[in-house]
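To start, the structure under review is shown below, and the notes come after it.
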Amino acid sequence: MAGVRINVNVGVLGHIDSGKTALARALSTTASTAAFDKQPQSRERGITLDLGFSCFSVPLPARLRSALPTSHPAAPETGPEPGEPQLQVTLVDCPGHASLIRTIIGGAQIIDLMMLVIDVTKGMQTQSAECLVIGQIACQKLIVVLNKTDLLAEGKKQAAIEKMTKKMQKTLENTKFRGAPIIPVAAKPGGPEAPETEAPQGISELIEVVKKVKSMQMFHMPVTSAMQGDRLGICVTQFDPKLLERGLVCAPESLHTVHAAIISVEKIPYFRGPLQTKAKFHITLGHETVMGRLMFFSPAPDNFDHEPVLNTFDFSREYLFQEQYLCKDLEQGSTGSDQATEKAVQAIEGLCPRQQWALVEFEKPVTCPQLCLVIGFRLNADIHSNMCRLAFHGILLHGLEDKNYTESLLPKLRVYKLKHKHGFVERVIDDYSVIGRSLFKKETNIQLFVGLKVHLSTGELGVIDSSFGQSGKFKINIPGGLGPESKKILTPALKKRSRASKGEMAKQEEGAERQEPAQHVTLSLSFKRYVFDTHKHMVQSP
């Protein structure tokens, strides 16, 4: 194990001016060229604008040494005890300004553990809450750092720290970070202008809580290999670095450029308002953020309770189109669509599907790996409002690489809309035929519906046979004939018709005269129409 150096990436996130960069500086012993706001723009504006990287190392804890394989890759060591196994902590300093949320999300995707930095004098702020939501999506471990304890009145400091600790414990209670360590520190006593002789407070206690291990990386040290998550410097000859802002280094065929994607979707509870089909969101996947338009869909209703499948998508199954993402707090009638209202009622009654998906169509192609994390948010929302801009998260299950995907691939996606129409039996022709109305509009081409099955409220099954006249009426054939009860209900119209002359009958057929049954008999027509079927066929279950 001599010479082993294990790396863990720790994200430093929090509201602007909570002291994240000062904390990273106080912890670090080695900085990269991108650390501590070295960019001219960051110095000019006085805020962090991009990810910063720095690190420190501590002896590898004994509980982790026993888990190391004997063949674990070694690297040259520097420091007071060469050969002693080391735990290297790479700090990823993320911006805190609300307008830089896409950079914050990008940083969160490469971390193993998150340090949420809270200004102890202010508590949770808007971007603190957003960072906590991002943490729940992107990582498994959290440390809360109560910074700026030096600003508390000396006689009331401990009481103030305990009060804020209890508040944070309550905030974390309903998250997966319940029970996370909460450490008070003063990363830069006296503030940014204080002399460097002022020693940080609480840093050694903070270092003790780092636990999770991921991969090997070296700062300013030669290595022969690197892996995902490593901070790696690459020397490229005869290349102007000003020509490249950010890019991807990858093995051939490991990344794909997609024009659209099918993703799993889970709404973030703190996002206000519905997630509606056809809505546009800013979407981060891989290390890019683009605009995307969404179409939501779910399993067929009989499969709402099926176990979620998190890493594949089955094109052979049928899926139900949704006007919006379904969740139990959905308000009835929120979209004005009958179908959406019906589904909202189902959701409220506890029939919400266990898994939902979305087709995302990007405004420009995106290069990313399969099964990467996807986060949707409203970048155009007011950054000063007290609301969560993060809307949903999920996994990219299938990327559509063909730019002509609407013709080549989407017809394979069997998403259907359930259509329901209702009308009435106007009168009986004979025991096996009735005339229907109010199911179609006057201008509807009824010929398209010929052969479809309709159900009578009296229990009979009928088949649309033809149009009848010019006002949207139609003739229904009833293969099994009308039952005795149905005849009884429809008898008044039948008797009236039997006494009518041939001339009167002809007038009735043209809609000039109508005799209603003694009691309304309703008709219902239900069918599927597949969203991506270019012929718009109507399909009924056998």
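The HN-Hα couplings worked out from phi for region 131-145 by the Karplus form 6.51 cos²θ - 1.76 cosθ + 1.60 (θ = phi - 60°) are 5, 5, 5, 4, x, 4, 7, 9, 9, 10, 10, 9, 10, 9, 10 Hz, whole numbers, x standing for Gly and Pro. Taking other C-beta atoms within 10 angstrom as a stand-in for reagent exposure, Cys352, Cys131, Cys139 fall in the order Cys352, Cys139, Cys131, fewest first. Using 20 Å as the cut-off for backbone N distance, which residues of region 307-329 belong to the label zone defined by a point 7 Å from the Cα of Leu351 along Cα→Cβ? Under 20 Å, as judged by backbone N against the label point of Leu351, lie 307-308, 318-329 of region 307-329.
What ranking of Thr149, Thr175 emerges when the number of other C-beta atoms within 10 Å of each C-beta is taken as an exposure proxy, fewest first?
On the way: Thr149 20, Thr175 13.
Sorted ascending by nearby Cβ count, the order is Thr175, Thr149.
In what sequence do Asp305, Asp112, Asp431 fall when counting other Cβ within 10 Å, fewest first? Present the calculation step by step, with values, prior to reporting the outcome.
On the way: Asp305 10, Asp112 23, Asp431 13.
Ranking Asp305, Asp112, Asp431 by Cβ neighbours within 10 Å, fewest first, gives Asp305, Asp431, Asp112.
Available extension along the chain between Ser204 and Asn477 is 89.8 nm, counting 0.36 nm per residue and deducting the alpha carbon span. Which FRET efficiency value, to the nearest 0.05, do you get for Gln370 and Glu407 by plugging their Cβ-Cβ distance into 1/(1 + (r/R0)^6) with R0 = 22 Å? E(calc), rounded to 0.05, equals 0.45.
Amide H contacts of Val92 (H built 1.01 Å from N, in plane; Pro and chain starts excluded): Val10, Gly11, Val12 sit under 5 Å, all sequence-distant by 5 or more or on other chains. What is the calculated FRET efficiency for Ser541 to Lys176, with r their C-beta to C-beta distance and R₀ = 41 Å, to the nearest 0.05? Efficiency at R0 = 41 Å is approximately 0.50.
Derived scalar couplings between HN and Hα for region 320-326 equal 9, 5, 10, 5, 7, 4, 9 Hz in order, rounded to whole Hz, by the Karplus curve 6.51 cos²θ - 1.76 cosθ + 1.60 (θ = phi - 60°), x for Gly and Pro.
Phi angles of region 164-179 translate, via the Karplus equation with coefficients 6.51, -1.76, 1.60 and θ = phi - 60°, into HN-Hα couplings of 5, 4, 5, 4, 5, 4, 5, 4, 7, 4, 9, 10, 6, 9, 4, x Hz per residue; Gly and Pro are given as x.
Where a number appears in this text, it was derived from the coordinates with a stated rule and is not lab data. Note that this is a predicted model, so its numbers are computed, not measured. Every residue, glycine among them, receives a Cβ derived from its backbone with ideal geometry; neighbour counts consider all protein chains shown.
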